[in-house]
Amino acid sequence: MSQQEREAVHPLTLFLADGNSWINFDVTSFKELFWDNTFNGLTYGAIYSLIAMGYTLVYGVLRLINFAHSEVFISGAFAVYFTLSYLGFGGADPGLSPVALVGDLLLAAVAAMVVSGIVAVILERVAYRPLRKRNAPPLVFLITAIGASFAIQYIWYAFRGANAESAVIMFVPHPVFTVFGTNIDDQQITIVAAAILVMVVVDRFINHSRFGRGIRAVAQDPDTATLMGVNKERIIMITFLVGGLLAGVAALFYVMRVPSGVQYNGGFNLGIKAFAAAVLGGIGNIRGAMLGGVLIGLIGNYGQTLLGASQWSDIIAFVALVVILMFRPTGVLGESLGKARV
Amino acid sequence: MSAARFARAVTAVAVLSLALTGCAAKNNATSSGAGSGPTGPVNLPEQTALPVPGDAAKPAGDGKAKCSGVTIAYAGAESGGNAQLGINIYSGIQLAINKHNTANPGCQVAFKKYDTAGDPAQAPGVVTQVVGSKDIIGAVGLPFSGESKATGGIFQTGGLVHITPSATNPSLTTNGWTTFFRALGNDSVQGPAAAKFLTGKLKAKKVCVIQDDSDYGIGLAKETNATLGGSADTACSDKVTTGQKDFSATVSKVMAAKPDAVFYSGYYAEGAPFDQQLVNKGFTGVFLGPDGTKDTAFVKQAGAASSNAYFVCPCVPGELIPSFAQAFSAANSGAAPGTYSLEGYDAATVLLKGIDSGAVTRPALLNYVKNYNADGLSKHFQWNSTGELANTTVYGYKVQNGKIVFVGTV
């Protein structure tokens, strides 16, 4: 379809601020690419969800937005890079047998979870615990979080430089089946299926385990929880640890999808989107973070196709966030980590 | 009890998800996989010969030059994310100065390096320092467009002639600066050349132009689109952002349009993952990038997918000029000349010839460069009143077996 036809069919246009181009609502492409965008959005949405859970857990327990969580994530991505490089993965499809590949990826996942978990716990110990001991006001925590984010970024910068690491390709995606005329590849299936499983586990952990009960108790009322015999400091540490482990899983999937995404500041954009996802779903609410991640992934993808340029992806996601918060100020599912319904 | 259940559940999840990955990998064994040869429909052969002007100016001169207390400066990146380009350039300058000083015992030119880290915010302070050093009568730099834009006025005020070996933004010569000279073609040459390369040698009938949000990417895409005309399919053009890594929606758009080639107007940091994601989705056409993507980092970050990549660049492949390449390797412990090493060498040669001719003050050397008219190793140097070269060539490159090789002029 030519450009003229497009404009004739959809004459609704907006004048763009730079004065030399127009926004066309590209409904034709939107329809053509709807299912492509849906499945890609779900894949990235799953990754956002895993990161968003880290934001939401910490917020639920400490009422703290841990802006350094994006660096917890990228530290895991570096662990994936180092592990896979050590195992001989590189720029070409290694063409490994399934058993070898599963073994290697499992090792990389464990390495990423360990590194992200350790970074998260160290962050809590070094940056936040001293502030809690001195009863610092919330604003100080926020500034510290931003400072910690930069500190970790520049530790990686000093260590690995400004360029992204070389690609580590785990396996080249291959279409498995077709839905609505769109090829679904094995990476998408792996990421979405694994992310759903991880989410189910986390959900059960929060709702049914002893530590989960502790987390919910501290989230609801830290002082009463302490009186009831819950070790608050220990619960806080476990919360950071769980957030770190989830970020490690996300890091594996992110590097699977973007093999050259390991870069000192590579967590920033993802972190912002994951944070938006957590707020969208209802910050402090673990199921909200899962839903929010998927919504952010989908809205960004639909929006950029509809408005005709990839540059709109973030803008449309944040506009959607603002609109939803106007009607539901506590997010889609509400803030409720501490409440019984979760 | 619950902890044990939790541990079991985690193990089950991990094994299940990776088992899925495993099944996935089995499918790949049957696919063609990522080979090492170019996957595009057109395969331009590597060229190893480069025509060099026979009477190219040599930094050594006639060996009878007389001068004392004069210095040439390099101002540009020595550190920071883009340091490699700066190192390439000043190694070229150093080589020219060494050759000159060895041949001319009566004229020892000093060489000073100033580090801007490639940063427009740091460059003005550094350049002020350069201009303040009275012994410096000519400079090579600055390498990048942003920092050049921020410092051209300072050079102008100090009356210090400077030749940029690599800044390509066309607007740099529209500021009325009389001390600014550019030793290569700008983006209003590169854009049309990219278009010509796509529709000519690469035989592309339908091209998707993807641009980033930098001044460089926007300007270059505009020039390229204008020359491509109807060959550029507006239905699959897209605008991405600096720092973007997820190109899935852009890739879907391109795949739906089935173009013969994709032109990415931007830098390798985004171009490399974009090419990799395109190829992963089954794109078999040509990927063309400009000089901002022509870097070994592109090949590293795109991995095997980069075998469909071609580049256009106003930079001359210095490694193909045997006399230059050998001297460069000898002076740099075996390293081959990099992108823009030859441009740095040629720019320094122009200044050295001026010094040899007796132009040993800033106004004299500026006047000498203004009226310069001779061949260098890379091209013929004669500037117009704004500091642009009259005729410049754009060179084609491709990725072959993980290396960037020359495929002929565009």
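Using a simple charge model, +1 on the beta-carbon of Lys and Arg, -1 on the beta-carbon of Asp and Glu, nothing else, what dipole does segment A:191-303 show about its Cα centre, in debye to the nearest 20?
Details: 9 positive and 4 negative charges, 37 e Å.
Using only the charged Cβ atoms, the result is roughly 180 debye.
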Determine how many Å³ per residue the convex hull of the Cα atoms of segment B:320-387 encloses.
106
I want the local charge near B:Leu220. Using Cβ-Cβ distances under 12 Å, sum +1 for each Lys or Arg and -1 for each Asp or Glu among the other residues.
-4
For labels at A:Thr226 and A:Asn207 in the simple 7 Å Cα→Cβ model, what's the distance in nm?
3.1
Mind checking which of A:Val242, A:Val179, A:Val115 has the largest fluctuation in a GNM of chain A, springs on alpha carbons under 10 Å?
A:Val179
Cross-link pairs beyond the 20 Å C-alpha cut-off, checked among B:Lys112/B:Lys149; B:Lys112/B:Lys134; A:Lys31/B:Lys205:
B:Lys112/B:Lys149; A:Lys31/B:Lys205
Heavy-atom accessible area per residue, chain A, 1.4 Å probe: how many Å²?
41
In Å², nearest 10: area of A:Ile74 left accessible to a 1.4 Å probe
0
Given a 10 angstrom Cα cut-off, can you work out which residue in B:Gly292, B:Gly396, B:Gly358 is the most mobile in a GNM of chain B?
B:Gly358
In vacuo Debye sum over C-alpha of the protein assembly as shown, base-10 log of normalised intensity I(q)/I(0) at q = 0.07, 0.08, 0.09 Å⁻¹, listed in q order, is -0.56, -0.71, -0.87
As a percent rounded to 5, the proportion of antiparallel DSSP bridges among beta bridges in the protein assembly as shown is 40
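B:Ser333 to A:Ile143: FRET efficiency via 1/(1 + (r/R0)^6), r the Cβ-Cβ distance, R0 45 Å, to the nearest 0.05? Present the calculation step by step, with values, prior to reporting the outcome.
Details: r = 47 Å, r/R0 = 1.05.
Efficiency at R0 = 45 Å is approximately 0.45.
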Using a Gaussian network for chain A with springs between C-alpha atoms less than 10 Å apart, which of these wobbles most: A:Arg234, A:Arg216, A:Arg63?
A:Arg234
With Cα coordinates, the longest principal axis of chain B makes an angle with the long axis of helix B:2-30, in degrees rounded to 10, of 70
Nearest 10 degrees, 0 to 90: helix A:98-123 Cα axis against chain A principal axis
50
Helix-only CD estimate at 222 nm, as mean residue ellipticity for the protein assembly as shown, using -39500 (n - 2.57) per DSSP H run (n ≥ 4):
-17500 deg cm²/dmol
Of the listed pairs B:Lys66/B:Lys99; A:Lys273/B:Lys245; A:Lys273/B:Lys253; B:Lys99/B:Lys294, which have alpha-carbon separations greater than 19 Å here?
A:Lys273/B:Lys253; B:Lys99/B:Lys294
So, by mean Cβ neighbours within 10 angstrom, what's the order for A:117-123, B:127-133, A:299-305 with the highest one leading?
A:299-305, A:117-123, B:127-133
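State the percentage of accessible surface on chain B attributable to carbon and sulfur atoms; use a 1.4 Å probe and exclude ligands, DNA and RNA. Each step should come with its number before you reach the end.
Numbers: 8290 of 15050 Å².
Carbon and sulfur: 55 percent of the exposed surface of chain B.
Can you bin segment B:221-274 into rounded, prolate or oblate? Criterion: square roots of the alpha carbon gyration tensor eigenvalues sorted a ≥ b ≥ c, rounded for a/c under 1.5, prolate for a/b above b/c, oblate for the rest.
Numbers: a/c = 2.24, a/b = 1.31, b/c = 1.71.
Taking the square roots of the gyration eigenvalues as a ≥ b ≥ c, segment B:221-274 is oblate.
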Whole-angstrom gap from segment B:47-76 to segment B:105-164, using each part's C-alpha centre:
19
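Can you give me the relative contact order of chain B as a percent, contacts being Cα pairs under 8 Å and 6 or more apart?
After rounding, I find 21 percent.
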In order through segment B:376-384: 3J(HN,Hα) via Karplus (6.51 cos²θ - 1.76 cosθ + 1.60), integer Hz, x for Gly, Pro
x, 5, 8, 5, 8, 9, 7, 9, 7
In terms of the ratio Rg/(2.2 N^0.38 Å) built on C-alpha atoms, what value belongs to chain B?
1.11
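Kirkwood Rh over alpha-carbon pairs of chain A, then Stokes-Einstein at 4 °C and 1.567 mPa s: what D in µm² s⁻¹, rounded to an integer?
Working: Rh = 21.1 Å.
The calculation lands on 62 µm²/s.
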Can you tell me the 0 to 90 degree angle between the C-alpha axis of helix A:186-208 and the longest principal axis of chain A, rounded to 10?
30
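Using 1/(1 + (r/R0)^6) with R0 = 60 angstrom and r between the beta carbons of B:Thr361 and A:Phe177, what's the FRET efficiency to the nearest 0.05?
Values: r = 76 Å, r/R0 = 1.26.
Using R0 = 60 Å, I get an efficiency of 0.20.
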What residues have an amide H closer than 5 Å to that of B:Cys107, excluding those fewer than 5 places away on the same chain, when H is modeled at 1.01 Å from N in the peptide plane?
B:Cys67
Can you tally the net charge around B:Ser79? Count Lys and Arg as +1, Asp and Glu as -1, for every other residue whose Cβ sits under 14 Å from the Cβ of B:Ser79.
-3
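The values are calculated or read from the model by the stated rules, or taken from the named source; none is laboratory data. Remember, it's a predicted structure, so these values are computed and weren't measured experimentally. Glycine gets a Cβ as well: all are built from the backbone with ideal geometry, and neighbour counts include every protein chain shown. These accessible areas exclude ligands, DNA and RNA; they are computed on the full protein's heavy atoms, side chains included. Shrake-Rupley method; radii C 1.70, N 1.55, O 1.52, S 1.80 Å.
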